[in-house]
Amino acid sequence: MGEFILETRNLSKAFRGFVAVDDVNLQVRQGHIHALIGPNGAGKTTCFNLLTKFLEPTTGHIFFNGTEITRDQPAHIARRGIIRSFQISAVFPQLTVLENVRIGLQRATGTSFQFWRSDRSLSRLNARALELLEEVGLGEFADEITVNLPYGRKRALEIATTLAMEPSLMLLDEPTQGMGHEDVDRVTQLIKQVSEGRTILMVEHNMNVIASIADRITVLARGAVLAEGDYDTVSRDPQVMEAYMGTSQGELEGAH
């Protein structure tokens, strides 16, 4: 199991008889960008909620770095290094970009939300915060009030805030949703860049994004794994095409 940072075995979740996640066996390899895709209602978000323990599985097991974490609380999951981006997003729009990343660093050092700490004691985090902002291309925006950032830049800030938590595994939930073409390209390249030496599991609808950066893809349909492999393999799978149908089938065939 050493090569897999995350593994689920027969993971299922039922809501009053409706099975949202059905016997999912997922293996995420260390250092990979692994994409979880599927049509609407396929169970992707429920799967993410099970992995971060916002939902309890009905049946099945979750392992992280070879240790079972099925019954861990959400805070324990985060402390182990499984960090879900866009849930801990830049939630302080009136703070500066730098201050938002600094809060992420505070969380990582166990001093989170101690807003009464003096600026001087927090300023020791500034150098690392600036490094993270440079890593995501936001160095020049450090003193900007977050609410003023364009949408794509806010997403970059959310990635920086996630990186501040020092994740072993980053869960990215629809990182390019609602973006224009230019922002999609920028954030796609950013994800590729920050994946160096890290592992990423992402839910994403944009097939061009998936085609360009995912090492491995798991396709869900009606809560179950429909197909798995690299982009060429899953995009040619007749079952996957049938599940997507219509315009999404065109997307699958046309994204390169």
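The values are calculated or read from the model by the stated rules, or taken from the named source; none is laboratory data. Quantities reported herein were computed from a predicted structural model and do not represent experimental measurements. Don't worry about glycine lacking a Cβ; one is built from the backbone with ideal geometry, like all the others, and counts go over all protein chains shown.
Matching residues to (1) surrounded by 14 or more Cβ atoms within 10 Å (Cβ to Cβ); (2) in contact with a Phe, Trp or Tyr (Cβ under 6 Å, 6 or more places away or on another chain); (3) not aromatic (Phe, Trp, Tyr); (4) not in a helix (DSSP H, G or I):
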| site | (1), (2), (3), (4) |
| --- | --- |
| Ala35 | yes, no, yes, yes |
| Lys53 | yes, no, yes, yes |
| Asp72 | yes, no, yes, yes |
| Ala75 | no, no, yes, no |
| Ile83 | yes, no, yes, yes |
| Leu98 | yes, no, yes, no |
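If you check Glu144 against the conditions, is it at pLDDT 95 or above and not aliphatic (A, V, I, L, M)? Against the criterion (at pLDDT 95 or above and not aliphatic (A, V, I, L, M)), Glu144 qualifies. Of the residues Phe48, Phe64, Phe54, the single one that is farther than 16 Å from Ile200 by Cα and of a type in the set (Phe, Trp, Tyr) is Phe54. Annotation note: Cβ proximity below 7 Å between a residue of region 205-230 that is in a helix (DSSP H, G or I) and a residue that is hydroxyl-bearing (Ser, Thr, Tyr) (sequence gap 6+ or interchain) occurs for Val209/Thr176; Val209/Thr188; Ile210/Tyr231; Ala211/Tyr231; Ser212/Thr188; Ile213/Thr188. With respect to the stated conditions, Leu157 is in a helix (DSSP H, G or I) and either over 13 Å from the mean Cα position of the chain (by Cα) or not assigned by TED's automatic domain parsing to the domain that holds Gly60 (or both). Among the conditions (1) of a type in the set (A, V, I, L, M, F, W, C); (2) under 24 Å from Gly81 (Cβ atoms); (3) buried (at least 21 other Cβ atoms within 10 Å of the Cβ), Val240 misses just one, which is (2).
The residues of region 167-197 that are under 26 Å from Thr46 (Cα atoms), assigned by TED's automatic domain parsing to the domain that holds Ile210, of a type in the set (D, E, K, R) and not in a strand (DSSP E or B) amount to a single one, Glu174.
Scanning region 21-67 for residues that are more than 16 Å from Arg9 (Cβ to Cβ) and among the aliphatic types (A, V, I, L, M) gives Ile33, Ala35, Leu36, Ile37, Ala42, Leu55. Restricting attention to region 213-223, the residues being surrounded by fewer than 19 Cβ atoms within 10 Å (Cβ to Cβ) and modelled with pLDDT under 95 number 1. Considering Ser112, Ser121, Ser89, the condition of being at pLDDT below 90, in a loop (DSSP other than H, G, I, E, B) and exposed (fewer than 14 other Cβ atoms within 10 Å of the Cβ) is satisfied by Ser112 alone.
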